[in-house]
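> Below you'll find the structure I mean.
Please treat every number below as a calculation from the coordinates, not as lab data. Just so you know, these numbers come straight off a predicted model, no measurement behind them. Cβ placement follows ideal geometry from the backbone for every residue including glycine, while neighbour counts extend to all protein chains displayed.
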Amino acid sequence: MVLSTGNTKTRTAVFISGTGSNLKSLIKFSKTTKSPISIDFVVSNNSKAKGLNYAKLYKIKKKILNFKNKNISENKLLSILKINNIKLICLAGFMKILSKNFIKKFKGKILNIHPSLLPKYKGLNTHERALNNNEKYSGCTVHFVNSKLDSGKIVLQKKVKISKNETEASLAKKILVQEHKLYPKAILKVFSL
Ligand code: GRF
């Protein structure tokens, strides 16, 4: 895969908007010897994102951009990522939609994690919709990002059984535990392609 840079780990940025539990799991993974990536940058559109604390804790550079003017924010971001030699982007609970132009510049080098079994339940409120439809299973998906929302090539998925008294909160929690395992696995897969 073009992402691999021999013996050195591929410099990776993680984009977040909230809690950052996936960021934390990716940082932990990145520190293992088997990891092909290092986390060198954290980007958030939300200055109050709890996940920014992990950047502080692990001494990772960070940038907050409000995306009010998407074009300006993205252009700033592109130059920052270039200066920092970032070769891979992992979206992890990032609530902004990147423009076609941005995605083109990082073609095939942006991954996202989504809390449903794509192509089912793209977009928001996935758990609510899965429960309303009486689904027996839900889960999570890691996929490449293309210009259509939650529609890029699927790397890996993990199925989770929905129990009888499942609530949105309990389902979200159950799926999140699997997300933390799936994202590192998906990264290993992407580098072996
Ligand atoms: C995850 O469920 C992710 O799939 C979704 O947003 C949530 C982010 O959680 N897109 P966290 O910020 O990684 O804890």
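> Can you tell me, using C-alpha contacts under 8 Å and at least 6 residues apart, the relative contact order of the chain as a whole percent?
About 21 percent, as a whole number.
> If you average the C-alpha positions of segment 73-131 and of segment 32-62 separately, how far apart do those two centres end up, in angstrom?
Each part reduced to its Cα centre gives a spacing of 15 Å.
> When Rg is the radius of gyration of the Cα atoms in the chain and Rh is its Kirkwood radius, what does Rg/Rh come to?
Ratio of gyration radius to Kirkwood radius: 0.96.
> Where does helix 168-192 land angle-wise versus the long Cα axis of the chain, in degrees 0 to 90, nearest 10?
Around 50 degrees separate the two axes.
> Using +1 on the beta carbon of Lys and Arg, -1 on that of Asp and Glu, and nothing else charged, what's the dipole of the chain about the Cα centre, debye to 20?
460 debye
> Also, quick follow-up: Divide by every residue of the chain the summed helix terms, -39500 (n - 2.57) for each DSSP H run of at least 4, and state the resulting mean residue ellipticity at 222 nm, rounded to the nearest 500 deg cm²/dmol.
-11000 deg cm²/dmol
> Explain nothing, just compute: Karplus ³J(HN,Hα) = 6.51 cos²θ - 1.76 cosθ + 1.60, θ = phi - 60°, for every residue of segment 76-87 in order, whole Hz, x for Gly and Pro.
Per residue, the Karplus-derived 3J(HN,Hα) values read 4, 4, 4, 6, 5, 5, 5, 4, 8, 6, 7, 10 Hz.
> Using a Gaussian network for the chain with springs between C-alpha atoms less than 10 Å apart, which of these wobbles most: G123, G93, G51?
In this elastic network of the chain, the residue with the biggest mean-square fluctuation among G123, G93, G51 is G123.
> Tell me which residues come under 5 Å, amide H to amide H, from L91 once H is placed; ignore anything under 5 positions away on its chain.
So L91 has HN proximity to F15, L111, N112, I113.
> Cα axis of helix 21-30 to longest principal axis of the chain: angle in degrees, 0 to 90, nearest 10?
50 degrees
> As a test, work out the antiparallel percent of DSSP beta bridges whose residues both lie in segment 10-192, rounded to the nearest 5.
DSSP beta bridges in segment 10-192 are roughly 40 percent antiparallel.
> In addition: Among N75, N132, P115, flag the residue with its Cα farthest along the positive direction of the charge dipole of segment 10-192, charges on Cβ as +1 for Lys/Arg and -1 for Asp/Glu.
Positive-most Cα among the choices belongs to N75.
> Taking amide H positions as placed in the peptide plane 1.01 Å from N, state which residues far from I37 in sequence (5 or more) or on other chains have amide H under 5 Å from it.
The answer is T10.
> Most fluctuating residue of I110, I83, I162 in a GNM of the chain with Cα springs under 10 Å: which is it?
Of I110, I83, I162, the most mobile in the Gaussian network model is I83.
> Applying the Karplus parametrisation 6.51 cos²θ - 1.76 cosθ + 1.60 with θ = phi - 60° to the phi angles of segment 140-151, what ³J(HN,Hα) value in whole Hz is obtained for each residue in order, glycine and proline being reported as x?
Values, residue by residue: 9, 9, 9, 9, 6, 9, 10, 6, 9, 4, 6, 10 Hz.
> Here is a follow-up. If you add up the charges near S17, with Lys and Arg at +1 and Asp and Glu at -1, over every other residue whose beta carbon is less than 11 angstrom from its beta carbon, what do you get?
+3
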